[in-house]
Amino acid sequence: MIGLFILLGINFSFFSSVLYQVMILDYKLTYPSGTATAMLINSFHTNTGAELAGKQVRCLGKYLSISFFWSCFKWFFSGVGNSCGFDNFPSFGLTLFKNTFYFDFSPTYVGCGLICPHIVNCSVLLGAIISWGFLWPFISQHAGDWYPADLGSNDFKGLYGYKVFIAISLILGDGLYNLIKIITITVKEMWNRSTKDSKLPFVNDIQDTETSKLLLEQKEREIVFLKDGIPTWFAASGYVGLAAISTATIPTIFPPLKWYLVLCSYLIAPALAFCNSYGTGLTDWNLASTYGKIGLFIIASLVGTDGGVIAGLAACGVMMSIVSTAADLMQDFKTGYLTLSSAKSMFVSQLLGTAMGCVIAPLTFWMYWTAFDIGSPDGPYKAPYAVIFREMAILGIEGFSELPKHCLALCCGFFVAALVINLLRDATPTKISRFIPVPMAMAVPFYIGAYFAIDMFVGTVILFIWELVNRKDSEDYAGAVASGLICGDGIWTIPSAILSIFRVNPPVCMYFGPAVGS
């Protein structure tokens, strides 16, 4: 895993160093997240910004400590297995608890609710209500007719198959719509730019003081950014060299993924990375997962039943690494450009960060894999996208014949619904569209459950009330509070994993069941 990550991650750091001059200096794309980060960094160098940053850090530390000690306290009551503790607290009664409607006291998901927009949190809750409140109970009533009643809880020929493939349909519908939308915007914008460039330039000799100042600042940024740039020959040779090594070595890691399929991925990748980077610069949407799904289906169907699942997933990983890394690093380069940072320093920092991630990520994965039951439908770490992508690969090989009764019709219905909802979001005025749900957010609870939607909704309610009481404080500190809650809970997983590895179990199992005699 470490070797594979190094090949994929570092390779596209080289490729990104070729793109940044085109995207940032020639096309002058916005890259909203990178621009926002740069504005935040620049604000730290003012007295007011430095003072606020200090308060935000103290706020983050406070809520990190609270979250860490709360997670530690919860551990003592979590017993052995997956049915004990605050994570299984039947907040709304045992009947709703069976359908995963309960508040599980998770600081991470409450923190996510504080960070995510209100419409995303409400969309997640709506998806949970539709799936676990109505759809799954309705399908369960047809057990024995639509699917065999004696199947296990994670058998894809039963209810579990409906959960996974309907979620996939919503995700694919949303992803396909946005992919077409971003490509359309990109082509239109590039056409407009080429049309403007073909006209004679209009020179305005009379410029006000403010305009002259902005032009001088822009010129200074370009001088600083280009002075320490990465030579094109160096970036190109680095990409080609690592691509050749990858083509030779990846098939030894994943034998079903033949060398010519890896080579084709590397040949097609620059064009896809360019499209994704351009679209991200315009809209701030990174659609790497959509490109990855397309590659997954194509490669899995080409390889067939003899290793098609592994080949499809490996190709998906290669494609997503290529496309995602290019777009993410463009955001970083935009931040560097606006903060008068050296492009060479940015490139070296990206290489060092990528190299660290290539070692730390597999080791972290190994620790989680050793300590917890990753991917279990009944466990705390369900790894939903791992299951979804695997089933996509199986679907690409076997087709729709293995799906349970009426599953394909339901999938088609939700796929079309995702397209229609996105179309309505774009076609209606902002005052209406801001209340229309996001299909991608709705899809997640279809597979995972409703409990995390409850947590996120609690977070969004807290944020909503905070905004009503003191909007400025909520804008200044909501991110710090959320980050503290998420980080504290995340840090606790390290000692929790170590305890699990050494087979140290929590001393108490807090369990809830029906009252005696009821």
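Below, the figures for the structure above:
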| quantity | calculated |
| --- | --- |
| Search result, residues across the stretch 115-141 that are within 17 Å of G161 (Cα to Cα), touching a helix residue (DSSP H, G or I) at 6+ places or on another chain (Cβ under 8 Å) and open to solvent by 40 Å² or more (accessible area, probe 1.4 Å) | I130, S140 |
| Residue within the stretch 410-422 that is open to solvent by 30 Å² or more (accessible area, probe 1.4 Å), of a type outside the set (S, T, N, Q) and within 21 Å of S33 (Cβ to Cβ) present | no |
| Pair list, Cβ < 8 Å and 6+ apart or interchain, from the stretch 63-82 residues that are closer than 13 Å to F105 by Cβ to residues that are among the small types (G, A, S) and exposed (fewer than 14 other Cβ atoms within 10 Å of the Cβ) | none |
| Sole exception among (1) in contact with an Asp or Glu (Cβ under 6 Å, 6 or more places away or on another chain); (2) more than 30 Å from S65 (Cβ to Cβ) for A143, by number | (1) |
| The stretch 284-295: number of residues that are part of a loop (DSSP other than H, G, I, E, B), among the hydrophobic types (A, V, I, L, M, F, W, C) and open to solvent by 40 Å² or more (accessible area, probe 1.4 Å) | 1 |
| Residue in the stretch 373-395 that is among the basic types (K, R) and open to solvent by less than 50 Å² (accessible area, probe 1.4 Å) present | yes |
| Residue in the stretch 146-155 that is surrounded by fewer than 16 Cβ atoms within 10 Å (Cβ to Cβ), in contact with a helix residue (DSSP H, G or I) (Cβ under 8 Å, 6 or more places away or on another chain), in contact (Cβ under 8 Å) with a residue 60 or more places away in the chain and not in a helix (DSSP H, G or I) present | yes |
| Any chance G281 is at negative phi and at pLDDT below 80 | no |
| Number of positions in the stretch 463-506 that are in contact with a Ser or Thr (Cβ under 6 Å, 6 or more places away or on another chain) and among the aromatic types (F, W, Y) | 2 |
| Residues within the stretch 440-488 that are in a loop (DSSP other than H, G, I, E, B) and within 30 Å of L159 (Cβ to Cβ), tallied | 2 |
| Residue match in the stretch 8-29 (condition: among the polar types (S, T, N, Q) and modelled with pLDDT of 80 or more) | no |
| Single residue of I268, I298, I250, I310 found to be over 19 Å from the mean Cα position of the chain (by Cα) and open to solvent by less than 10 Å² (accessible area, probe 1.4 Å) | I250 |
| Within the stretch 42-59, tally of residues that are touching a residue at least 12 places away in the same chain (Cβ under 8 Å) and either among the hydrophobic types (A, V, I, L, M, F, W, C) or under 25 Å from G488 (Cβ atoms) (or both) | 5 |
| Any hit, the stretch 336-353, residues being closer than 17 Å to R390 by Cβ and touching a residue at least 40 places away in the same chain (Cβ under 8 Å) | no |
| Answer residue from the stretch 76-114, given it is crowded, with 20+ Cβ neighbours inside 10 Å and touching a Ser or Thr at 6+ places or on another chain (Cβ under 6 Å) and is nearest to S500 (Cα to Cα) among those | G85 |
| Checklist (1) part of a helix (DSSP H, G or I); (2) open to solvent by 20 Å² or more (accessible area, probe 1.4 Å) applied to P437, failing item | (1) |
| Residues that are closer than 20 Å to K344 by Cα, among the hydroxyl-bearing types (S, T, Y) and under 29 Å from the mean Cα position of the chain (by Cα), drawn from the stretch 232-247 | Y239 |
| Checking L257 against (1) over 30 Å from N42 (Cβ atoms); (2) open to solvent by 10 Å² or more (accessible area, probe 1.4 Å); (3) hydrophobic (A, V, I, L, M, F, W, C); (4) not in a helix (DSSP H, G or I), the condition it does not meet | (2) |
| Residue in the stretch 490-510 that is of a type in the set (D, E, K, R), exposed (fewer than 13 other Cβ atoms within 10 Å of the Cβ) and assigned to a loop (DSSP other than H, G, I, E, B) present | yes |
| Every residue from the stretch 160-188 that is without any contact (Cβ under 8 Å) to a residue 40 or more places away in the chain and either closer than 16 Å to L419 by Cα or in contact with a strand residue (DSSP E or B) (Cβ under 8 Å, 6 or more places away or on another chain) (or both) | I180, T184 |
| Evaluation of Q56 against (1) surrounded by 15 or more Cβ atoms within 10 Å (Cβ to Cβ); (2) over 28 Å from the mean Cα position of the chain (by Cα) (one fails), failing number | (2) |
| Single residue of the stretch 344-367 satisfying the filter (among the aromatic types (F, W, Y) and surrounded by fewer than 17 Cβ atoms within 10 Å (Cβ to Cβ)) that is farthest from the chain's Cα centre (by Cα) | W366 |
| The stretch 315-365 - residue that is outside any helix (DSSP H, G or I) and at pLDDT 85 or above and, of those, nearest to W285 (Cα to Cα) | T339 |
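The values are calculated or read from the model by the stated rules, or taken from the named source; none is laboratory data. Here the structure is a predicted model, which means the values were calculated and not measured. With ideal geometry, Cβ positions are generated from the backbone for all residues, glycine too; neighbour counts draw on all protein chains shown. To get the accessible areas, we keep the full protein, side chains included, count just its heavy atoms, and leave off ligands, DNA and RNA. Shrake-Rupley method; radii C 1.70, N 1.55, O 1.52, S 1.80 Å.
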